[in-house]
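Step one of this worksheet: look at the structure below.
The values are calculated or read from the model by the stated rules, or taken from the named source; none is laboratory data. Just so you know, these numbers come straight off a predicted model, no measurement behind them. When we count neighbours, we look across all protein chains shown, and the Cβ atoms used for this are built from the backbone with ideal geometry, even at glycine. Note: areas computed on protein heavy atoms with side chains; ligands, DNA, RNA excluded. Shrake-Rupley method; radii C 1.70, N 1.55, O 1.52, S 1.80 Å.
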Amino acid sequence: MKKPIIGISGSIIIDSSGSFAGYKRSYVNNDYVISVSKNGGVPFIIPFLENIELVKNQLEVVDAIILSGGHDVTPELYGEEPLAKTGVSFPERDRFDYELIKCAIEMNKPILGICRGMQILNTYFNGKLYQDLSYAKGEILKHDQVRTPSLVTHKIEIEEDSLLYKIFNEKEIKVNSFHHQAVKEVGENLKVTARAKDGIIEAFEHKNYPFLLGVQWHPEMLNKSYEKMNDIFKALINAAAK
């Protein structure tokens, strides 16, 4: 049986030293590749392109997509000026990811958004973000654990009537955390399915689309230390197989 091909959205990294200092490379973190291959899919890196007319051709060869992490989403996409604590953005990649989402939906392909991937999905559906969690009200948990990506550090509460609950069959789990931005206003037709104890949104899904899931943590970095996290990728790959 042919295994589903899972496209992982790529970005650009610039060499900082050595013979090729300043040289641009297309990349994704290898944990995405491991998580897909470990759970029954064929990983396929979708390189960032400024020529978005080719995105449809890229999507034609995959069965589902993962929107990977990375830069802050450009505030202009959700109608805001950049505040003092917003980070480095990559507007060209925002446009690329928007086109990936658009084409994937037109082709009815399953979509998983991870960290920035969840945030770009939210703005695509006209939602808004906290440019930095210091702008959120109340006492906020530590959402950037800085290092040790294979460690889970804070709890999230999962809604029972959700895809995420079907995946984990648990109402509460612990996750890792590497973000300073988060969903502030949920996009159109998106349903919140998990929150941290401080109320920060940790997951959502689309109300009507067959498989569109966004998670704020990094399950791919937990593929060895927290075996249950592999079930997110299994769910995506099973949806792609159908």
Exercise. Under 18 Å from the Cα of K166, which aspartates and glutamates turn up, not counting those fewer than eight places away in the same chain?
Worked result: E157, E202, E205, E227, D231
Seminar exercise, completed: The base-10 log of I(q)/I(0) that the Debye equation returns for the range 129-198 at q = 0.20 Å⁻¹, one scatterer per C-alpha, is -0.98
Exercise. In whole percent, what relative contact order does the chain give with Cα contacts below 8 Å and a gap of six or more residues?
Worked result: 21 percent
Exercise. So what does log10 I(q)/I(0) come out to for the range 17-141 at q = 0.14 Å⁻¹, using the Debye formula with one equal point on every Cα and no solvent?
Worked result: -0.71
Exercise. Counting only heavy atoms of protein chains, what accessible area per residue, in Å², does the chain have with a probe of 1.4 Å?
Worked result: 48 Å²
Exercise. Once a ≥ b ≥ c are taken as the square roots of the eigenvalues of the Cα gyration tensor of the chain, is the result rounded (a/c under 1.5), prolate (a/b larger than b/c) or oblate (a/b not larger than b/c)?
Worked result: rounded
Exercise. Which parts of the range 216-230 would a label at S150 reach, counting a residue when its backbone N lies under 17 Å from a point 7 Å out along Cα-to-Cβ?
Worked result: 218-230
Exercise. Where Rh is the Kirkwood radius over the Cα pairs of the range 23-71, the temperature 25 °C and the viscosity 0.890 mPa s, what D in µm²/s does Stokes-Einstein return?
Worked result: 201 µm²/s
Exercise. Over its Cα atoms, what ratio of radius of gyration to 2.2 N^0.38 Å does the range 165-242 give?
Worked result: 1.11
Exercise. What lysines sit close enough to K142 to cross-link, taking a C-alpha to C-alpha distance under 22 Å and skipping anything fewer than 8 places away on the same chain?
Worked result: K85, K128, K155, K171, K174, K184, K197
Seminar exercise, completed: Expressed as a percent, the accessible surface of the chain that is carbon or sulfur, using a 1.4 Å probe and the full set of protein chains, is 50 percent
Exercise. What length, rounded to one decimal in nm, is gained on full extension from H180 through to S17, with 0.36 nm per residue of separation minus their alpha-carbon distance?
Worked result: 55.9 nm
Exercise. Quick one: if you stick a label point 7 Å off each Cα along the C-beta vector at A84 and K2, how many nm between them?
Worked result: 5.5 nm
Seminar exercise, completed: Dividing the helical contributions, -39500 (n - 2.57) per DSSP H run of n ≥ 4, by the residues of the chain yields a 222 nm value, nearest 500 deg cm²/dmol, of -7000 deg cm²/dmol
Problem set entry | Whole-angstrom gap from the range 173-200 to the range 76-90, using each part's C-alpha centre | 19 Å
